[in-house]
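One structure is given below, encoded as structure tokens.
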Amino acid sequence: QKEVEQDPGPLSVPEGAIVSLNCTYSNSAFQYFMWYRQYSRKGPELLMYTYSSGNKEDGRFTAQVDKSSKYISLFIRDSQPSDSATYLCAMMVTSGSRLTFGEGTQLTVNP
Amino acid sequence: ETGVTQSPTHLIKTRGQQVTLRCSSQSGHNTVSWYQQALGQGPQFIFQYYREEENGRGNFPPRFSGLQFPNYSSELNVNALELDDSALYLCASSLRLSGNEQFFGPGTRLTVL
């Protein structure tokens, strides 16, 4: 069993839709949770990071962490075609240590 | 502020050869991590360097080795290349060992024939 599970999609939505991306994990030692966006043939770009449980909002993006359920989410409001990319969740046990990634979810936002 | 850069952008090698990939950290960053990303998969941690010392290693064989230099740039060396080594190799730098945010370079795409 993988430490981090993420539905690879693909996910296709119309422009303006609310997108929900999710990951589950099995290692209860994870404390730091990130979401990266990766465009085709590019390196991952950090979107959001959260420490422990709770919500964090940045513009159209909201990250949620529920450690009791070992479940994290990323919500994208008013999705745009430029949001079309692969979204990777990632986690760390301690700050600055290795990142453990999910498989990534491929998102397409259609104009 | 200069971001993380990697070279070369892509290269093609044959099975059994050796390859060296290079990474320049973001200005001021002293920690470098290397990841392997196979097609359609998430990145897998190879190892991390902090102040020229290896500081953690993933589940990769010894033929994967690395270096970090005094200016915090880094190299990833892979010996005896195998077909399964074909992947995007990503370098990520962070400000210090306890830095939450790891910033990735564009990657080097390696194809092994």
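Considering the range A:38-77 alone, what residues qualify as being of a type in the set (S, T, N, Q) and either at pLDDT below 95 or more than 20 Å from A:ILE18 (Cα to Cα) (or both)?
A:SER40, A:THR50, A:SER52, A:SER53, A:ASN55, A:SER68, A:SER69
Return the residues of the range B:32-51 that are more than 8 Å from chain A (Cβ to nearest Cβ) and under 14 Å from the mean Cα position of the chain (by Cα); say none if nothing qualifies. Please lay out each step first, then the result.
Quick first cut of the range B:32-51, residues more than 8 Å from chain A (Cβ to nearest Cβ) only: B:32, B:34, B:36-39, B:46-47, B:49-51.
Scanning the range B:32-51 gives B:VAL32, B:TRP34, B:GLN36, B:GLN37, B:ALA38, B:ILE46, B:PHE47, B:TYR49, B:TYR50.
For the structure I just gave you, tell me whether B:SER74 is surrounded by 21 or more Cβ atoms within 10 Å (Cβ to Cβ), touching a residue at least 40 places away in the same chain (Cβ under 8 Å), touching a Phe, Trp or Tyr at 6+ places or on another chain (Cβ under 7 Å) and more than 18 Å from A:VAL93 (Cα to Cα).
yes
A:LEU46 is checked against (1) in contact (Cβ under 8 Å) with a residue 40 or more places away in the chain; (2) hydrophobic (A, V, I, L, M, F, W, C); (3) in a strand (DSSP E or B) and fails just one. What number does that condition carry?
(1)
Exactly one of (1) of a type outside the set (Asp, Glu); (2) within 15 Å of the chain's Cα centre (by Cα); (3) at pLDDT 95 or above is unmet by A:PRO81. Its number?
Of everything listed in (1) of a type outside the set (Asp, Glu); (2) within 15 Å of the chain's Cα centre (by Cα); (3) at pLDDT 95 or above, A:PRO81 misses just condition (2).
Please determine, by comparing only the residues of the range B:5-33 that are among the aliphatic types (A, V, I, L, M) and closer than 11 Å to B:GLU75 by Cα, which one is surrounded by the fewest Cβ atoms within 10 Å (Cβ to Cβ). Don't jump to the end; show me each part of the working.
Taking the range B:5-33 and keeping what is among the aliphatic types (A, V, I, L, M), we get B:11-12, B:19, B:21, B:32.
Those still in the list that are closer than 11 Å to B:GLU75 by Cα too: B:19, B:21, B:32.
Values: B:VAL19: 18, B:LEU21: 21, B:VAL32: 30.
Among those that are among the aliphatic types (A, V, I, L, M) and closer than 11 Å to B:GLU75 by Cα, it is B:VAL19.
Just to verify a result, which residue in the range A:74-111, among those that are out of contact with any Asp or Glu (no Cβ under 8 Å at 6 or more places or on another chain) and among the small types (Gly, Ala, Ser), is farthest from B:LEU39 (Cα to Cα)?
Going through the qualifying residues, I end up with A:SER95.
So, in the range A:8-53, of the ones that are at positive phi and loosely packed, with under 12 Cβ neighbours inside 10 Å, which residue ends up farthest from the other protein chains (Cβ to nearest Cβ)?
Checked the range A:8-53; the qualifying residue farthest from the other protein chains (Cβ to nearest Cβ) is A:GLY16.
Restricting to the range B:60-74, count the residues that are modelled with pLDDT of 95 or more and over 13 Å from the mean Cα position of the chain (by Cα).
Summing the residues that are modelled with pLDDT of 95 or more and over 13 Å from the mean Cα position of the chain (by Cα) in the range B:60-74 gives 3.
List pairs: first in the range A:89-108 and at the interface with chain B (Cβ under 7 Å from one of its Cβ atoms) and in a loop (DSSP other than H, G, I, E, B), second of a type in the set (A, V, I, L, M, F, W, C) and surrounded by fewer than 18 Cβ atoms within 10 Å (Cβ to Cβ), Cβ under 6 Å, 6+ apart or cross-chain?
A:GLY96/B:LEU97
Which of the residues belonging to the range B:40-56 are surrounded by fewer than 16 Cβ atoms within 10 Å (Cβ to Cβ) and touching a strand residue (DSSP E or B) at 6+ places or on another chain (Cβ under 7 Å)?
The answer is B:GLU52, B:GLU54, B:GLY56.
Return the residues of the range B:16-39 that are at pLDDT 90 or above, out of contact with any Phe, Trp or Tyr (no Cβ under 8 Å at 6 or more places or on another chain) and closer than 28 Å to A:TYR87 by Cα; say none if nothing qualifies.
B:ARG22, B:SER24, B:ALA38, B:LEU39
Out of all the residues in the range A:61-70, is one or more in contact (Cβ under 8 Å) with a residue 40 or more places away in the chain and surrounded by 12 or more Cβ atoms within 10 Å (Cβ to Cβ)?
There is at least one residue in the range A:61-70 that is in contact (Cβ under 8 Å) with a residue 40 or more places away in the chain and surrounded by 12 or more Cβ atoms within 10 Å (Cβ to Cβ).
The values are calculated or read from the model by the stated rules, or taken from the named source; none is laboratory data. None of the values given here were measured: they were computed from a predicted structure. Neighbour counts are summed over all protein chains in view; Cβ atoms, including those assigned to glycine, are modelled from backbone coordinates with ideal geometry.
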